[in-house]
Amino acid sequence: LQEFLASDEWDEGRLQSHTYRLLKRDHQDDQLIGVIDESGHPKKGTETAGVSRQYCGNTGKIDNCVMTVHLTATSFQREFHTFVESELYLPQGWHEDRERCRAAKIPEEVVYRSKYQIALEQLDRAAAQGVNFSWITADEWYSQKPAFLTGLEQRGLRYVLEVPNNFAVWLHDPQTAKTNSVAKP
């Protein structure tokens, strides 16, 4: 697989467009769910594109890994699940070292963006291809990013996100204490 990926050129954009066409034509329904997640792939060394020390879900700790952000689609109506797209998360340190990027064959247009920005761009591409998700779901990392939540709301997307187990909410509207007393001389 590494030899194939290193030696053969293929049109990722064309494959992505084809995937969206099939998804829209054969699997669009009123309960289609967009699932956003990232994967950390442990790597040794320093030359693999985007490798750096960061939290890696596969090892459960800060580790040397490559991170990718994924959009998948699933429908319980049609008992269907597919991988839609994946994109390399380029850490800030890599972004600032364009020489290193060129050596790893990272295109100039691939720049640092947060994982939630990449996810929102993936959702925008899906919408541009005519794929409509009824719901978006993601893990707790995304639920803790206000800009991600704002992005979903600006796009009119409904979402259900995992929250941390220490997440607290008010059961009732908290009232602020009002002081009506007047200081006495």
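At pLDDT 95 or above and at positive phi: does that describe Gly156? Spell out how you get there, then give the answer.
Details: at pLDDT 95 or above: yes; at positive phi: yes.
Judged against the criteria, Gly156 is a match.
When Asp11, Asp37 are checked against the criterion of being among the charged types (D, E, K, R) and modelled with pLDDT of 95 or more, a single residue qualifies: Asp37.
For (1) free of Cβ contacts under 8 Å to residues at least 24 places away in the same chain; (2) of a type in the set (A, V, I, L, M); (3) in contact with a strand residue (DSSP E or B) (Cβ under 9 Å, 6 or more places away or on another chain), each residue gets a yes or a no:
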{"site": "Thr74", "(1), (2), (3)": "no, no, yes"}
{"site": "Gly93", "(1), (2), (3)": "no, no, yes"}
{"site": "Glu99", "(1), (2), (3)": "yes, no, no"}
{"site": "Ala103", "(1), (2), (3)": "no, yes, no"}
{"site": "Gln122", "(1), (2), (3)": "no, no, yes"}
{"site": "Trp135", "(1), (2), (3)": "no, no, yes"}
{"site": "Trp141", "(1), (2), (3)": "no, no, yes"}
{"site": "Leu149", "(1), (2), (3)": "yes, yes, yes"}
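For region 69-80, filtering for residues that are under 14 Å from the mean Cα position of the chain (by Cα), among the β-branched types (Val, Ile, Thr) and either surrounded by 18 or more Cβ atoms within 10 Å (Cβ to Cβ) or modelled with pLDDT under 95 (or both) leaves 1.
When region 96-109 is filtered for residues that are surrounded by fewer than 18 Cβ atoms within 10 Å (Cβ to Cβ) and either within 15 Å of Ser86 (Cα to Cα) or touching a Phe, Trp or Tyr at 6+ places or on another chain (Cβ under 7 Å) (or both), only Arg100 remains.
If you filter region 39-66 down to residues that are part of a loop (DSSP other than H, G, I, E, B) and of a type in the set (Gly, Ala, Ser), you find that the one that is least open to solvent (accessible area, probe 1.4 Å) is Gly50. In summary, Thr137 fulfils each of the numbered conditions (1) loosely packed, with under 12 Cβ neighbours inside 10 Å; (2) in a strand (DSSP E or B); (3) β-branched (Val, Ile, Thr) with the single exception of condition (1). The requirement of being touching a Leu at 6+ places or on another chain (Cβ under 6 Å) and either open to solvent by 30 Å² or more (accessible area, probe 1.4 Å) or not hydroxyl-bearing (Ser, Thr, Tyr) (or both) is satisfied by Tyr112. Does region 24-32 contain any residue that is outside any loop (DSSP other than H, G, I, E, B) and within 17 Å of the chain's Cα centre (by Cα)? Within region 24-32, not a single residue is outside any loop (DSSP other than H, G, I, E, B) and within 17 Å of the chain's Cα centre (by Cα).
The values are calculated or read from the model by the stated rules, or taken from the named source; none is laboratory data. These numbers come from a predicted model, not from an experiment. Reconstructed Cβ throughout: ideal geometry from the backbone, glycine too, with neighbour counts over all protein chains shown. These area figures cover heavy atoms from the full protein model, side chains too; ligands, DNA and RNA do not enter into them. Shrake-Rupley method; radii C 1.70, N 1.55, O 1.52, S 1.80 Å.
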